[in-house]
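Input: a single structure, listed below in structure tokens.
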């Protein structure tokens, strides 16, 4: 089981890398789109998985593979934190606070929305 979770984690990390490399920008108005996108998408998918798991549509084994393995590596709190530190270091306090607030609110709303949508 642990090896399978690790393998799904590797796939999640590769998916995050693919999205990140696709969304790399070097504009002056830097907003960490890739991190924001993967975290919101991951929150939405996790909300749906929770709904499916509670309804016994998703087995515990698949919950661990996708919820813990894939999404655990796909979403990224460490990169989110790093980007916040960059904003703070550059004294962009409003951006730092806005980024945290928007990410948390939209992530929680995405998770709950998916949970509610897929609650059959």
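Computed from the coordinates by the stated procedures, all read-outs in this text should not be read as laboratory data. These numbers come from a predicted model, not from an experiment. Cβ atoms come from the backbone with ideal geometry, glycine included; neighbour counts cover every protein chain shown.
What the table shows:
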{"read-out": "Theoretical gain in end-to-end length, residue 102 to residue 79 [0.36 nm per residue, Cα-Cα removed]", "value": "6.7 nm"}
{"read-out": "Sorted peptide list for 77-90, 105-118, 39-52, criterion being average Cβ within 10 angstrom, highest first", "value": "39-52, 105-118, 77-90"}
{"read-out": "Relative contact order %, the chain, counting alpha carbon pairs below 8 Å whose residues are six or more apart", "value": "42 percent"}
{"read-out": "Within the chain, helix-based [θ] at 222 nm, where runs of 4 or more DSSP H residues each add -39,500 (n - 2.57), nearest 500", "value": "-23500 deg cm²/dmol"}
{"read-out": "Peptide ranges 7-19, 92-104 listed from the most packed, as the mean C-beta count within 10 angstrom indicates", "value": "7-19, 92-104"}
{"read-out": "Crossing angle, helix 2-22 versus the chain [Cα axis fit, 0-90 degrees, rounded to tens]", "value": "40 degrees"}
{"read-out": "Cα-based convex hull, the range 12-120, per residue volume (Å³, whole number)", "value": "92 Å³"}
{"read-out": "Tilt relative to the chain, helix 33-54 - C-alpha long axis, 0 to 90 degrees, to 10", "value": "20 degrees"}
